[in-house]
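Shown next, in structure tokens, is the structure this report addresses.
The values are calculated or read from the model by the stated rules, or taken from the named source; none is laboratory data. Predicted model, so just to flag it, every value in this text is computed and none were measured. Because the Cβ atoms are built from the backbone with ideal geometry, glycine has one as well, and the counts that use them run over all protein chains shown. Please note that ligands, DNA and RNA were not included when accessible areas were found on the heavy atoms of the full protein model with its side chains. Shrake-Rupley method; radii C 1.70, N 1.55, O 1.52, S 1.80 Å.
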Amino acid sequence: CPWNLDALIADTVACCRESAIDEIVWISESSGRYHELLPIEGIRGLMPGLAKAKAATEAAGLLFSINPLTTLGHGEYGNDVKRGHPRMDFMVDYTGRVSRAAACPLSPYWRNLMVETFRLYAELRPTRLWIEDDFRYSNHGPVTFGCFCDLHLDAFAQRTGRRYAREELVSCLLRPGKPAPERAQWLEFLEETLAATGRLTADTVHAVSPEIQLGWMSNCAA
């Protein structure tokens with residue numbers, strides 16, 4: 001909370017020292033007032049506060065880590081993400097619904113934003129840098145499972161040699177009885193798209209500092 005930064009940092013550090021906690025993971029924004037997918041200038045605006053938190057944390061003999069609150073986007077909370085990112089490709093649900101806030105993991109614009117965001121956080125040299133639990137294909141508010149956008153359908157066609165329409169692919173994936181071969185191919189494809197971004201992010205972070213550990217806030221909600 002930028003209007004109460006000094007007191008927030010002091011109280012947190014004091015609480016951790018009294019409770020024998022040896023590491024503070026500072027979340028980059030308050031969950032009560034955050035904005036989905038901050039632009040790079042917004043990330044830069046967070047750096048002074050995090051730097052102040054780092055100085056106080058390490059002066060107290062504690063480890064300093066960072067958890068950026070957003071990667072793909074948690075859901076739809078009224079933020080006009082398209083206005084801030086007009087070149088963003090957004091996630092498409094299996095029903096065809098387009099998210100107003102969650103980025104498509106294959107969006108070139110979003111991947112560049114992800115990498116540059118984590119490069120900036122890495123410059124603060126945290127012990128650990130976390131990827132949030134919105135780095136997933138499920139449960140992005142009204143968009144329950146994606147992404148079935150043209151970028152994904154085109155990439156899947158390159159992988160399988162066949163271009164499916166969204167409705168055709170969804171019908172194939174959900175067909176009762178013995179699973180169609182496409183189901184395993186599709187799930188492996190989705191896994192690899194996130195893994196590729198994870199590798200790219202890790203390479204970017206470790207180019208700044210090889211000592212930074214990366215973690216993922218896994219989400220197992222049904």
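Could you list, in sequence order, all residues of segment 115-138 that are within 30 Å of Glu167 (Cα to Cα), in contact with a helix residue (DSSP H, G or I) (Cβ under 9 Å, 6 or more places away or on another chain) and not hydroxyl-bearing (Ser, Thr, Tyr)? Matches in segment 115-138: Phe135, Arg136.
Scanning segment 62-78 for residues that are in a loop (DSSP other than H, G, I, E, B) and either without any contact (Cβ under 8 Å) to a residue 24 or more places away in the chain or buried (at least 17 other Cβ atoms within 10 Å of the Cβ) (or both) turns up Leu62, Pro68, Leu69, Thr70, Thr71, Leu72, Gly73, His74, Gly78.
Yes or no: segment 161-178 includes at least one residue that is of a type in the set (Phe, Trp, Tyr), open to solvent by 20 Å² or more (accessible area, probe 1.4 Å) and at pLDDT 95 or above. Checked against the condition, which is being of a type in the set (Phe, Trp, Tyr), open to solvent by 20 Å² or more (accessible area, probe 1.4 Å) and at pLDDT 95 or above, segment 161-178 yields no hits at all.
What residue, among those in segment 85-117 that are hydrophobic (A, V, I, L, M, F, W, C) and within 9 Å of Cys149 (Cα to Cα), is surrounded by the most Cβ atoms within 10 Å (Cβ to Cβ)?
Taking segment 85-117 as the starting set, the residues that turn out to be hydrophobic (A, V, I, L, M, F, W, C) are 88, 90-92, 98, 101-104, 106, 110, 113-115.
Narrowing further to those that are within 9 Å of Cys149 (Cα to Cα): 90-92, 98, 104.
Working: Phe90: 23, Met91: 28, Val92: 22, Val98: 16, Cys104: 25.
The selected residue is Met91.
Is at least one residue of segment 113-120 in contact (Cβ under 8 Å) with a residue 12 or more places away in the chain, of a type in the set (Val, Ile, Thr) and within 25 Å of Ser218 (Cα to Cα)? Checking segment 113-120: at least one residue is in contact (Cβ under 8 Å) with a residue 12 or more places away in the chain, of a type in the set (Val, Ile, Thr) and within 25 Å of Ser218 (Cα to Cα).
All conditions but one from (1) assigned to a loop (DSSP other than H, G, I, E, B); (2) open to solvent by 30 Å² or more (accessible area, probe 1.4 Å); (3) at pLDDT 95 or above apply to Gln158; the one that does not is (1). Does segment 118-140 hold any residues that are in contact with a strand residue (DSSP E or B) (Cβ under 6 Å, 6 or more places away or on another chain), aliphatic (A, V, I, L, M) and open to solvent by 10 Å² or more (accessible area, probe 1.4 Å), and which are they? Answer for segment 118-140, where residues must be in contact with a strand residue (DSSP E or B) (Cβ under 6 Å, 6 or more places away or on another chain), aliphatic (A, V, I, L, M) and open to solvent by 10 Å² or more (accessible area, probe 1.4 Å): just Ile131.
Give the residues of segment 29-51 that are under 14 Å from Leu5 (Cα atoms), touching a residue at least 12 places away in the same chain (Cβ under 8 Å), loosely packed, with under 14 Cβ neighbours inside 10 Å and not aliphatic (A, V, I, L, M), sorted by residue number. Explain how you work it out, then say what you get.
The first filter runs over segment 29-51 and keeps only residues under 14 Å from Leu5 (Cα atoms), leaving 29-30, 45-51.
From the residues that got through so far, the ones that are touching a residue at least 12 places away in the same chain (Cβ under 8 Å) too are 29-30, 46-47, 49-51.
From what's left, loosely packed, with under 14 Cβ neighbours inside 10 Å: 30, 51.
Answer for segment 29-51, where residues must be under 14 Å from Leu5 (Cα atoms), touching a residue at least 12 places away in the same chain (Cβ under 8 Å), loosely packed, with under 14 Cβ neighbours inside 10 Å and not aliphatic (A, V, I, L, M): just Ser30.
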